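Undergrad: Quick one: the structure is below, questions incoming.
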Amino acid sequence: MQATMPNHRHANEASRSMELLTRIAKGWGQRAQVKQREPDLHYDAERPDFLEKLLPFHMHPLYQALDEHTKRQVLAAGWIIYNEKTVAIELDIVSPACQDILYDNVPGLDNEWAKEIVCETLVDEAYHLLLVKNANRLTRAHRELSHIRVPQFALVRQMQQEQARHVADWAPMLVRLSTAVVSEIFISDYLHQLSEEESIQPLNRATVAAHRHDELAHSKIFAELTRNFYQALSSSQRTFFAETLPKSIHWFADKELDLWLDVLQQLGVRHAREVIEDCREINQVALDRVDYSGVVRLAEDVGILDTREGLAAFERASLI
């Protein structure tokens, strides 16, 4: 399928975008956390592992009535879940999207600088996996939570279900790419609260801060990659990507209540189902927990919101 011709404004923006990506790629050696000193792995068992306000049920009276030991275990589980979501994003979404680019499956990104910055991103993501797996290993050992298993995240499940709905051979790639773009733009904000929180475990704060440092660059990288590949898509592919992007925002914003029910039951928390069911209606997808303005700006910049289909998709998703 041949790509339609982009207008001159967007074509010029794509050219400037590639120049910016080239500069970012050249600065990787000084920026990347994998090149820096690793966080101290000392564990302070007196500090909580996670912020209570980040639990999707933290205001529920049955949670508030739990004893302090159980609350501490729930917070530790929250930290483990937080890290395992990083693992899922890196392994199931971002890394496969990067592989699509390296295999020349993404139009407009078949140049060497795009591939170099994608390779650098893959190194960063592998280091993030090491950071969070080390943090979870220590948390499980110190909090006696080696038995806790985290189910599949709704973010990944919903992406995979959307991929399976379409017959075009390029559709799964664009669904994955849309989800990767949204995840990489959102994740630095997602990490922000813990990266500067003095009350939690110092190791956890340092782990998140190191991760966020890289993701601030990744957010820019994936926005600029989008400026390049979107203009190279065919008309039908552009429409498909425009309609998928707002769906990806909702998938990322899901508060993972089914997963939390499973984990609370593994912890033996009393009234776990009642707590989760009471929260389900208001918390299933909470757009107020993510700042999606960056994705809306990107959609506007690349021309998605100039199209009838793109504008309608963002309006249906209550994003504009």
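Undergrad: Mind telling me which of the residues Arg205, Arg165, Arg157 ends up being over 21 Å from Pro96 (Cβ atoms), surrounded by fewer than 23 Cβ atoms within 10 Å (Cβ to Cβ) and not aromatic (Phe, Trp, Tyr)?
TA: Every option except Arg205 fails the conditions.
Undergrad: Quick one: is Leu319 farther than 30 Å from Glu144 by Cβ, in contact with a helix residue (DSSP H, G or I) (Cβ under 9 Å, 6 or more places away or on another chain) and either among the polar types (S, T, N, Q) or crowded, with 20+ Cβ neighbours inside 10 Å (or both)? Lay out the reasoning, then the answer.
TA: Details: farther than 30 Å from Glu144 by Cβ: yes; in contact with a helix residue (DSSP H, G or I) (Cβ under 9 Å, 6 or more places away or on another chain): yes; either among the polar types (S, T, N, Q) or crowded, with 20+ Cβ neighbours inside 10 Å (or both): no.
When the stated conditions are applied, Leu319 does not pass them.
Undergrad: A further question follows. Using the structure shown, decide if Ile320 is in contact (Cβ under 8 Å) with a residue 24 or more places away in the chain, among the hydrophobic types (A, V, I, L, M, F, W, C), assigned to a helix (DSSP H, G or I) and out of contact with any Cys (no Cβ under 9 Å at 6 or more places or on another chain).
TA: On the way: in contact (Cβ under 8 Å) with a residue 24 or more places away in the chain: yes; among the hydrophobic types (A, V, I, L, M, F, W, C): yes; assigned to a helix (DSSP H, G or I): no; out of contact with any Cys (no Cβ under 9 Å at 6 or more places or on another chain): yes.
In short, no.
Undergrad: Tell me which residues, restricted to the stretch 301-312, are within 12 Å of Thr226 (Cα to Cα) and surrounded by fewer than 16 Cβ atoms within 10 Å (Cβ to Cβ).
TA: To start, the set of residues in the stretch 301-312 that are within 12 Å of Thr226 (Cα to Cα) comprises 301-304.
Correct list: empty.
Undergrad: Can you run down the residue pairs with Cβ atoms below 7 Å, 6 or more apart or on separate chains, where the first is in the stretch 298-316 and within 16 Å of Ser234 (Cα to Cα) and in contact (Cβ under 8 Å) with a residue 40 or more places away in the chain and the partner is basic (Lys, Arg) and assigned to a helix (DSSP H, G or I)?
TA: Val302/Arg227
Undergrad: What is the one condition in (1) free of Cβ contacts under 8 Å to residues at least 12 places away in the same chain; (2) under 20 Å from Ala206 (Cβ atoms) that Glu68 does not satisfy?
TA: Evaluating Glu68 over (1) free of Cβ contacts under 8 Å to residues at least 12 places away in the same chain; (2) under 20 Å from Ala206 (Cβ atoms) leaves (2) as the failure.
Yes/no per residue for (1) in a loop (DSSP other than H, G, I, E, B); (2) touching a Leu at 6+ places or on another chain (Cβ under 6 Å); (3) at pLDDT 90 or above:
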position	(1), (2), (3)
Pro172	no, no, yes
Ser178	no, yes, yes
Glu184	no, no, yes
Asp189	no, no, no
His192	no, no, no
Ile200	yes, no, yes
Asn204	no, no, yes
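Undergrad: Going through the stretch 142-153 one residue at a time, which ones are in contact with an Asp or Glu (Cβ under 7 Å, 6 or more places away or on another chain) and surrounded by fewer than 19 Cβ atoms within 10 Å (Cβ to Cβ)?
TA: Pro151
Undergrad: Now for a different question. Is the stretch 213-222 home to any residue that is surrounded by fewer than 20 Cβ atoms within 10 Å (Cβ to Cβ) and out of contact with any helix residue (DSSP H, G or I) (no Cβ under 8 Å at 6 or more places or on another chain)?
TA: no
Undergrad: Restricted to the stretch 35-55, and to residues that are modelled with pLDDT of 80 or more and part of a helix (DSSP H, G or I), which residue is nearest to Ala217 (Cα to Cα)?
TA: Among those that are modelled with pLDDT of 80 or more and part of a helix (DSSP H, G or I), it is Leu54.
Undergrad: Within the stretch 271-287, which residues are modelled with pLDDT of 95 or more and either crowded, with 20+ Cβ neighbours inside 10 Å or not in a helix (DSSP H, G or I) (or both)?
TA: Within the stretch 271-287, His271, Ala272, Val275, Ile276 meet the criteria.
Undergrad: Another question, if that's okay. Give the residues of the stretch 288-297 that are in contact (Cβ under 8 Å) with a residue 12 or more places away in the chain and either at positive phi or in a helix (DSSP H, G or I) (or both), sorted by residue number. If you could, list the steps in order and put the result at the bottom.
TA: As a first pass, look at the stretch 288-297 and keep what is in contact (Cβ under 8 Å) with a residue 12 or more places away in the chain: 289-292, 294-296.
Matches in the stretch 288-297: Arg289, Gly294, Val295, Val296.
Undergrad: Given the structure, is Leu155 in contact with a strand residue (DSSP E or B) (Cβ under 7 Å, 6 or more places away or on another chain), touching a residue at least 40 places away in the same chain (Cβ under 8 Å) and part of a helix (DSSP H, G or I)? Give the steps one after another, and end with the answer.
TA: On the way: in contact with a strand residue (DSSP E or B) (Cβ under 7 Å, 6 or more places away or on another chain): yes; touching a residue at least 40 places away in the same chain (Cβ under 8 Å): yes; part of a helix (DSSP H, G or I): yes.
It is true that Leu155 is in contact with a strand residue (DSSP E or B) (Cβ under 7 Å, 6 or more places away or on another chain), touching a residue at least 40 places away in the same chain (Cβ under 8 Å) and part of a helix (DSSP H, G or I).
The values are calculated or read from the model by the stated rules, or taken from the named source; none is laboratory data. Keep in mind it's a predicted model, so treat the numbers as computed, not measured. FYI the Cβ positions are ideal-geometry reconstructions off the backbone, even for glycines, and counts take in every protein chain you see.
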